[in-house]
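Asker: Below: one structure in structure tokens.
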Amino acid sequence: MNNSSSVIEPKTRPIRKSKIDYSQGPAPVSVNPAWCKACNICVALCPQGVLEPDAEGKPVVAHADNCIQCGACWAHCPDFAITSNYK
Amino acid sequence: MSIAAKEAGARQDSDVVLRYLRPHVKFPNMWCPGCGNGVVATSLIRAIDKLGIPRDNVVLVSGIGCSSRMPVYLDFQALHTTHGRALAFATGVKFSRPDLKVIVITGDGDCLSIGGNHLIHACRRNIDITTILINNYIYGMTGGQTSPTTPAGAHATTTPFGNTEKQFEACDLARGAGASFIARTTVYHTTQMDRLIMEAIQHRGFSLVEVISNCHTYYGRLNRVGQATQLLRMFQEKASTQPKDPNMVDEDSKDMIQTGIIHRDTEKTELCDEYQKLTDSLAKGKSS
Ligand SMILES: Cc1ncc(C[n+]2csc(CCOP(=O)(O)OP(=O)(O)O)c2C)c(N)n1
Ligand code: SF4
Ligand code: SF4
Ligand code: SF4
Ligand SMILES: [Mg+2]
């Protein structure tokens with residue numbers, strides 16, 4: 001089992017266009033910086049390249065328009081630190 | 001939810017987890033950054049919430065280990081017991097209060113080393129308990145010693161030159177011992193995990209859900225997969241819903257992870273039901 005050195009690379013381009021217009025409302029997702037431990041899982045698993053790590057390694061919404069509300073980030077966050085603002 | 005969000009298939013459960021966290025516990029949790037235990041906790045909450053079971057009717061029972069810390073954070077009834085004995089305590093709870101949903105949260109060390117005997121007998125009795133076995137291939141809490149699921153050849157602090165022992169297959173063991181619902185998933189497959197935990201909770205009889213999880217801090221680091229995302233990638237690559245082919249002996253198929261429902265027997269009688277039947281018939285005999 002020690003042959004795997006590959007890391008899940010964050011996507012740099014969106015796979016499909018988001019149908020949601022975020023320009024009028026809040027950001028697609030919110031991160032709770034007090035609970036986030038900068039594990040990078042959400043950044044790596046977001047299929048749309050929405051999230052980018054800040055200087056501390058905690059995710060920020062860098063490309064809001066791409067978010068398709070797929071739930072990969074909040075389903076995989078081990079620290080209950082991401083929630084959606086669209087429900 | 002906006003119409004556009006609905007169209008995009010937006011899920012409404014992003015904050016369901018927050019509603020089930022204990023209000024007086026200090027967060028963030030004690031787990032290492034990226035540890036799979038938190039992902040299993042989130043999935044368990046979604047499953048219970050979707051099933052609509054009132055939180056006071058759910059009892060989480062655990063032993064000792066990083067994984068066994070979970071009931072400390074979640075706002076259900078909780079019984080945090082001694083190492084390996086979660087199933088023994090859970091059996092007592094279920095037998096005295098069959099109306100409650102009893103869920104055991106356990107680790108590979110807790111469930112299969114010190115608690116192995118309790119596991120096989122809980123399976124044999126087919127008592128209606130759902131066991132979520134978080135298998136990270138190692139003793140996380142005590143610093144990375146080998147567990148019964150550490151793969152042959154793998155490194156741990158107690159096997160610096162590679163493990164010379166063979167692995168338990170927890171699902172095969174449970175099946176041989178008589179469990180009536182057995183499933184496996186990984187922390188990468190959260191949607192599947194939600195569904196399997198829901199099915200396990202609904203199943204009447206002993207159910208085991210083995211969740212392959214990442215302890216990148218010990219298992220990962222000692223085996224040169226030191227980041228959570230590396231282990232997640234590995235689970236993604238190795239998981240398959242097809243059963244293992246015993247004729248395939250090459251490296252890749254040997255450590256394939258079979259996911260999904262592995263065994264389900266809805267005919268088998270459940271312990272509390274049988275006991276109730278017996279007491280009913282004895283009471284009837286007395287009154288006539
Ligand atoms: C009777 C007893 N023996 C040994 C220990 C030390 N101990 C604590 S946790 C643990 C192993 C936990 O491993 P696992 O169940 O896989 O949990 P993880 O931390 O990996 O989630 C051991 C041996 C103990 N607490 N009590
Ligand atoms: S909901 Fe999906 S697309 Fe949006 S940020 Fe999270 S992972 Fe990325
Ligand atoms: S997955 Fe959660 S804890 Fe990890 S970086 Fe993202 S928000 Fe932070
Ligand atoms: S030691 Fe391993 S199992 Fe324990 S919290 Fe850290 S990553 Fe998780
Ligand atoms: Mg373990």
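Every read-out reported here was derived from the displayed coordinates using simple, explicitly stated rules and does not represent laboratory data. In this text, all values refer to a predicted model and were calculated from it rather than measured experimentally. Don't worry about glycine lacking a Cβ; one is built from the backbone with ideal geometry, like all the others, and counts go over all protein chains shown.
Asker: So what's the back-of-envelope 222 nm ellipticity for chain A, counting only DSSP H runs of four-plus at -39500 (n - 2.57) apiece and dividing by all residues, rounded to 500?
Answerer: When only DSSP H runs of four or more count, the value is -2000 deg cm²/dmol.
Asker: For the range A:20-84, give the magnitude of the charge dipole about the Cα centre (Cβ charges: +1 Lys/Arg, -1 Asp/Glu; no others), in debye to the nearest 20.
Answerer: Values: 2 positive and 6 negative charges, 34 e Å.
Dipole of the range A:20-84, to the nearest 20 debye: 160 debye.
Asker: Work out how far the C-alpha atoms of the range A:20-84 reach from end to end along every principal axis, then list the three figures in whole Å, largest first.
Answerer: Principal axes ranked by extent give 30, 20, 17 Å for the Cα atoms.
Asker: Under a GNM of chain B (C-alpha, springs under 10 Å), which listed residue has the highest mean-square fluctuation: B:86, B:179, B:156?
Answerer: Result: B:156 has the largest fluctuation of those listed.
Asker: Ok, one more. Take the alpha carbon gyration tensor of the range B:59-115, find the square roots of its eigenvalues, order them as a ≥ b ≥ c, and report rounded if a/c is under 1.5; if not, report prolate when a/b exceeds b/c, else oblate. All intermediate terms of the calculation are to be shown ahead of the outcome.
Answerer: Values: a/c = 2.54, a/b = 1.32, b/c = 1.92.
Oblate, because a/c is 1.5 or more while a/b does not exceed b/c.
Asker: Now a separate question. List the chymotrypsin sites (Phe, Trp or Tyr not before Pro) within the range B:109-184 that DSSP assigns to loop and that have no more than 10 neighbouring Cβ atoms inside 10 Å.
Answerer: B:161
Asker: While we're on this one: Based only on other Cβ atoms within 10 Å, what is the fewest-to-most ordering of B:196, B:173? Before the final figure, lay out each step's value.
Answerer: On the way: B:196 25, B:173 19.
With the sparsest Cβ surroundings first, the list reads B:173, B:196.
Asker: Mind checking which of B:136, B:214, B:117 has the largest fluctuation in a GNM of chain B, springs on alpha carbons under 10 Å?
Answerer: With Cα springs under 10 Å in chain B, the top fluctuation among B:136, B:214, B:117 is at B:117.
Asker: OK, next. In deg cm²/dmol, rounded to 500, what helix-only [θ] at 222 nm does chain B give when every DSSP H run of at least 4 residues adds -39500 (n - 2.57) and the total is split over its residues?
Answerer: After summing the helix terms and dividing by residue count, I get -10000 deg cm²/dmol.
Asker: Once R0 is set to 22 Å, what does the formula 1/(1 + (r/R0)^6) return for the Cβ-Cβ distance between residue B:283 and residue B:82, expressed as a FRET efficiency to the nearest 0.05?
Answerer: The formula returns an efficiency of 0.05 here.
Asker: Per-residue HN-Hα couplings for the range B:186-194, Karplus 6.51 cos²θ - 1.76 cosθ + 1.60 at θ = phi - 60°, whole Hz, x for Gly and Pro?
Answerer: Per residue, the Karplus-derived 3J(HN,Hα) values read 9, 5, 6, 9, 5, 5, 5, 4, 3 Hz.
Asker: Moving to a separate point now. Amide H of residue B:215: which non-local residues (sequence gap of 5 or more, or other chain) have their own amide H closer than 5 Å, using H built in the peptide plane?
Answerer: So residue B:215 has HN proximity to B:220.
Asker: Continuing with this model, one more query. At a Förster distance of 45 Å, what's the computed FRET efficiency of residue B:53 paired with residue B:255, Cβ-Cβ distance as r, to 0.05?
Answerer: So, using R0 = 45 Å, E works out to roughly 0.80.
Asker: Between residue B:124 and residue B:26, what is 0.36 nm times their sequence separation minus the Cα-Cα distance? Round to one decimal in nm.
Answerer: Gain in length upon complete extension: 31.4 nm.
Asker: Under a 10 Å cutoff between Cα atoms, tell me which one of B:42, B:91, B:157 has the largest fluctuation in the Gaussian network model of chain B.
Answerer: Among B:42, B:91, B:157, the largest mean-square fluctuation in the Gaussian network model of chain B belongs to B:157.
Asker: Report the label-to-label distance for residue B:152 and residue B:15 in nanometres (one decimal), using points 7 Å from each Cα along the Cα→Cβ vector.
Answerer: 5.2
Asker: If r is the Cβ-Cβ distance from residue B:142 to residue B:117 and R0 is 22 Å, what FRET efficiency results, to the nearest 0.05?
Answerer: 0.60
Asker: Please order B:206, B:27 by the number of other Cβ within 10 Å, starting at the fewest.
Answerer: Starting with the residue having the fewest Cβ neighbours, the order is B:27, B:206.
Asker: Give the lysines reachable from residue B:166 as a straight Cα distance under 23 Å; neighbours fewer than 8 places away on the same chain don't count.
Answerer: Reachable lysines: B:238, B:244, B:254.
Asker: What is the fewest-to-most order of B:128, A:21, B:99 by other Cβ atoms lying within 10 Å of their Cβ? Don't skip to the end; give the middle numbers.
Answerer: Details: B:128 22, A:21 11, B:99 7.
Ranked by crowding around the Cβ, least crowded first: B:99, A:21, B:128.
Asker: So if a site counts as exposed when it's one of the trypsin sites (Lys or Arg not before Pro), its DSSP state isn't H, G, I, E or B, and it has at most 14 other Cβ atoms within 10 Å, what's the longest stretch of chain B without one?
Answerer: Here the longest segment lacking exposed loop sites spans B:27-165.
Asker: Please work out whether the protein assembly as shown counts as rounded, prolate or oblate from its C-alpha gyration tensor, where a ≥ b ≥ c are the square roots of the eigenvalues and a/c under 1.5 means rounded, while otherwise a/b larger than b/c means prolate and anything else oblate?
Answerer: Numbers: a/c = 1.90, a/b = 1.34, b/c = 1.42.
In terms of gyration-tensor shape, oblate.
Asker: Tell me, how many Å apart are the Cα centres for the range B:164-194 and for the range B:37-107?
Answerer: Centre-to-centre distance over Cα atoms comes out at 18 Å.
Asker: Moving to a separate point now. For chain B, state the average projected area of the convex hull of the C-alpha atoms over all orientations, rounded to one decimal in nm².
Answerer: 18.4
Asker: State the extension gain, in nm to one decimal, for the chain segment bounded by residue B:264 and residue B:224, taking 0.36 nm per residue of separation less the distance between their alpha-carbons. If you can, show how the numbers build up before the last one.
Answerer: Numbers: separation 40, 0.36 × 40 = 14.40 nm, distance 3.66 nm.
Length gained, residue B:264 through residue B:224: 10.7 nm.
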